[in-house]
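Data first, discussion second: the structure below is written as structure tokens.
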Amino acid sequence: MTRITLGFLSIFLCFSLLGCGPGEPAGEAPVETAADQVDLVIKGAHIVTMGAAGTVIEDGAIAVDDGVILAIGSAADIEASYSAVETLEGGNRIVMPGLVNGHSHAAMTLLRGVADDLALMDWLQNYIFPAEVEFVDAEFVRIGTELACWEMIRGGTTTFVDMYYFPDTIAEVVDQCGMRALISATVIDQRSPDAENAGDSIAKGNGFIERWQGTNSRITPIFGPHANYTLNAEQLVATRAAALKYGVPISIHVSESPFELQYSQDTYGKTSIELYESIGFFEGPTIAAHVVWPTDKEIPILAERKVGVIHNPTSNMKIASGIAPVAAMLDAGVRVGLGTDGAASNNDLDMWEEMRLASLLQKVDRMNPEVLPATTVLGMATSGGAEAIGLGDKIGSLEVGKRADLLQVAFVDVHHVPTYDVVSHLVFVTDEQDVASVVVDGKVLMKEREMLTLDTDRVASEATALAARIQAALQERNQAK
């Protein structure tokens, strides 16, 4: 559709139809002009843009067409300029960018609560890795990813970075449910549900990248080498080479636990981040999950190499990995976003909880209540998170020309009465049940709490049935011990 602004159209009518020149009266009454038609208008009592200026627009609206934000302003101005095919009304609604979950293992929703209260390596080696080899196949991944997408959409997450097996199946689910995702082909040097070893993982990852790269604007296929304790240096270099060949990022667990630090020192004589720097691993875009234990010498490396660090406070606390020095990394210019990790170690995918915990952990760790204020943490979940995963030019803030990934939060629950500061309430009060509507790429995925792109009854039924089979098998195995 060709759009002519109202101002230009008025001048055109004045000069062409009425023959008036500069300073000459138009004569007749102004000609009424029709508003431009757009796909969607979203209204809000407040619009929290998360742009560089930190603008919050009261009684505002956003016009969206072909998945792109065309205009942001007062509701009156938007209504005067645009006629929408669909409108999301804004009474008691806060409009804001969609949340960016920078690190997840989506299908592990089906392993939620299978193994709790364990240290990382005990949890991985004695429970999770064996369970995955026994139970995980493409059908498991389909059902688990659908369940995760349902949970994430309901909670206002519009983009996630995933690392799991059968990435083609994950991509198909994301395509169908309408979310945006960076999907990793997992690389690990052991028998896994979809590969025999690291070489096989990389080869299959190459095929995944080739099948999906450039086919869907919402799906970015990437590589996901697991960690430096499940891959050796040569395999890490090979994975980076494959990523550079296709021009895609890498997502990897980095400096997550004391075990990893000791393993890296014992094996390579270097810390994890020093190892990655020494082998040129940071030569391409890197999304580093956790980064709980960077040294003072390593933090500048992360900033210089533009590594996107993803802080996972709930998972780090639950597995007792430690408290990441988030404030120090932000002060050094490191790009820091937030993530939930998988539901097997969290045990949910609630980004509102991650915001709250991220802020509170830094305050008590630094013994300084001024550290990580609400605006900073909300940025980590939106604009900063988008920058950390390499999509800052497309999403993360509500600006003209960016993709329309946004949500409406209902400020109607008792915990929002009264509201003195909208941003403070978004971080320290709001939870996933407050999210009313969710839009990704201009498409409404949830409207007033009704899921529109997933058959939730079917997903719940299939997940429950599969979980019953897993539980029966686990009980049988335990009885046989």
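Computed values, structure above
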read-out: Neighbours by Cβ (under 6 Å, 6+ apart or cross-chain): first from region 445-461, within 13 Å of Gln176 (Cβ to Cβ); second surrounded by 14 or more Cβ atoms within 10 Å (Cβ to Cβ) and of a type in the set (S, T, N, Q); value: Leu445/Thr453
read-out: Count - residues of region 189-212 that are in contact with a helix residue (DSSP H, G or I) (Cβ under 8 Å, 6 or more places away or on another chain) and either open to solvent by less than 40 Å² (accessible area, probe 1.4 Å) or in a loop (DSSP other than H, G, I, E, B) (or both); value: 14
read-out: Candidate set: region 445-462, residues that are among the hydrophobic types (A, V, I, L, M, F, W, C) and within 21 Å of the chain's Cα centre (by Cα); chosen: the one farthest from Thr87 (Cα to Cα); value: Leu454
read-out: For Leu398: the one exception among (1) open to solvent by less than 10 Å² (accessible area, probe 1.4 Å); (2) without any contact (Cβ under 8 Å) to a residue 60 or more places away in the chain; value: (2)
read-out: Of all residues making up region 239-270, the number that are open to solvent by 20 Å² or more (accessible area, probe 1.4 Å) and among the small types (Gly, Ala, Ser); value: 3
read-out: Output for region 304-319, where each listed residue is out of contact with any helix residue (DSSP H, G or I) (no Cβ under 8 Å at 6 or more places or on another chain) and open to solvent by 10 Å² or more (accessible area, probe 1.4 Å); value: Glu304, Lys306, Lys318
read-out: All helices (runs of 4 or more DSSP H) inside region 302-412 with 2 or more residues being out of contact with any Phe, Trp or Tyr (no Cβ under 6 Å at 6 or more places or on another chain) and among the small types (Gly, Ala, Ser); value: 326-331, 351-366, 374-381, 383-388
read-out: Verdict on Thr169 being closer than 22 Å to Pro221 by Cα, more than 15 Å from the chain's Cα centre (by Cα) and among the hydroxyl-bearing types (Ser, Thr, Tyr); value: yes
read-out: Looking only at region 218-261, and only at residues there that are in contact (Cβ under 8 Å) with a residue 60 or more places away in the chain and assigned to a loop (DSSP other than H, G, I, E, B), the one that is farthest from Leu391 (Cα to Cα); value: Ser257
read-out: Residue within region 163-181 that is farther than 26 Å from Asn206 by Cβ and touching a His at 6+ places or on another chain (Cβ under 6 Å) present; value: no
read-out: Those residues of region 140-155 which are open to solvent by 10 Å² or more (accessible area, probe 1.4 Å) and touching a Phe, Trp or Tyr at 6+ places or on another chain (Cβ under 9 Å), in sequence order; value: Arg142
read-out: The listed residue being assigned to a loop (DSSP other than H, G, I, E, B) and β-branched (Val, Ile, Thr), out of Thr145, Thr215; value: Thr215
read-out: Every residue from region 285-302 that is farther than 17 Å from His103 by Cβ and buried (at least 17 other Cβ atoms within 10 Å of the Cβ); value: Glu298, Ile299, Ile301
read-out: Filter pass, Arg335 being of a type in the set (D, E, K, R), touching a Gly at 6+ places or on another chain (Cβ under 8 Å) and within 23 Å of Glu58 (Cα to Cα); value: no
read-out: Within region 58-85, considering residues that are part of a strand (DSSP E or B) and open to solvent by 60 Å² or more (accessible area, probe 1.4 Å), the one farthest from Leu40 (Cα to Cα); value: Glu58
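Table: residues versus (1) more than 30 Å from Ile69 (Cα to Cα); (2) open to solvent by 30 Å² or more (accessible area, probe 1.4 Å).
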| residue | (1), (2) |
| --- | --- |
| Thr419 | no, yes |
| Val422 | no, no |
| Val427 | no, no |
| Val435 | no, no |
| Leu445 | no, no |
| Leu452 | no, yes |
| Thr456 | no, yes |
| Ile470 | yes, no |
| Gln475 | yes, yes |
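The values are calculated or read from the model by the stated rules, or taken from the named source; none is laboratory data. Every value quoted in this text rests on a predicted model; they were computed, and no experiment measured them. Cβ coordinates were reconstructed from backbone atoms using ideal geometry, including for glycine residues, and neighbour counts include every protein chain displayed. We work out accessible area using only protein heavy atoms, side chains counted, and drop any ligands, DNA or RNA first. Shrake-Rupley method; radii C 1.70, N 1.55, O 1.52, S 1.80 Å.
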